[in-house]
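The values are calculated or read from the model by the stated rules, or taken from the named source; none is laboratory data. Note that the structure is a prediction, hence the values are computed from the model and not measured. Virtual Cβ from ideal backbone geometry, glycine too; neighbours counted across all protein chains shown.
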Amino acid sequence: MIKSFMTVTGWVLLSAAVLTAAEQPSKPGNGEADVRNTIFKDVQGASHQPLAAAGQKCTLLFFVMSECPIANSYAPEINRIAASYKDRGVRSYLIYVEDDLSADAARRHAKEHEFKLPALLDPGHQLVRFAQVSVSPEVAVLAPDNTVLYRGRIDDRVTAFGKHRLTPSKRDLRSALDAILDGKPVTTPVTKAIGCYITKNDNSKLPEK
């Protein structure tokens, strides 16, 4: 059953067109290699290296904008996925991508939506470029060597701008994670993410090191 997802006003932040990801996952280019050792601050001020090897089986990055209604609607599922796969060797991070979002505002947003995973700030879009994502919410699953094993939507609950299913028919991210953890290739490594357009940031604000 398809229902109206939100009012027209709520869609002001959305792109007029859905951006599609590249045809195949890939290992990010050498130009972003230094990001692997970069320290990013979370909303509490703690330091993290989300791309550094730490014995994990894979790393899950959820890219969101705080005022994106679609991303906000996925908060419960993001928490469920992060919790479900934590003990299976998957570390998860929420990535705030707005270049003008303060740590205080991000902290309030994370608290309001009860996010249970570390919420990092990426105002310079270093992680955005590294994972090659373009909308909020969009997810990237990285191997320990930072090869992108899956990129795209969390599931197919959102079917188009303004429309959604009550229950998804495909849980793409969970299927990808299950395949990766079973040592199998991801059947559909790239899916189309529908959401708020992530504006390019040409004046990068680099995270503190």
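Restricting the range 98-137 to residues that are in contact (Cβ under 8 Å) with a residue 12 or more places away in the chain and of a type in the set (K, R), the residue that is farthest from V190 (Cα to Cα) is R107. Would you point out the residue of the range 143-161, among those that are in contact with a strand residue (DSSP E or B) (Cβ under 6 Å, 6 or more places away or on another chain) and small (G, A, S), that is surrounded by the most Cβ atoms within 10 Å (Cβ to Cβ)? Step by step, filter the range 143-161, then rank; the result is G152.
Quick check on my filter: what residues within the range 146-169 are part of a loop (DSSP other than H, G, I, E, B), out of contact with any Phe, Trp or Tyr (no Cβ under 7 Å at 6 or more places or on another chain) and at pLDDT 90 or above? Correct list: N146, T147, R153, D155, D156, R157. Within the range 50-89, the only residue that satisfies the criterion of being crowded, with 16+ Cβ neighbours inside 10 Å, small (G, A, S) and assigned to a loop (DSSP other than H, G, I, E, B) is S66. With the requirement that a residue be aliphatic (A, V, I, L, M) and either part of a loop (DSSP other than H, G, I, E, B) or farther than 18 Å from T38 by Cβ (or both), what does the range 107-125 give you? A110, L117, listed by residue number. Counting the residues of the range 164-198 that are surrounded by 13 or more Cβ atoms within 10 Å (Cβ to Cβ) and touching a residue at least 24 places away in the same chain (Cβ under 8 Å) gives 19.
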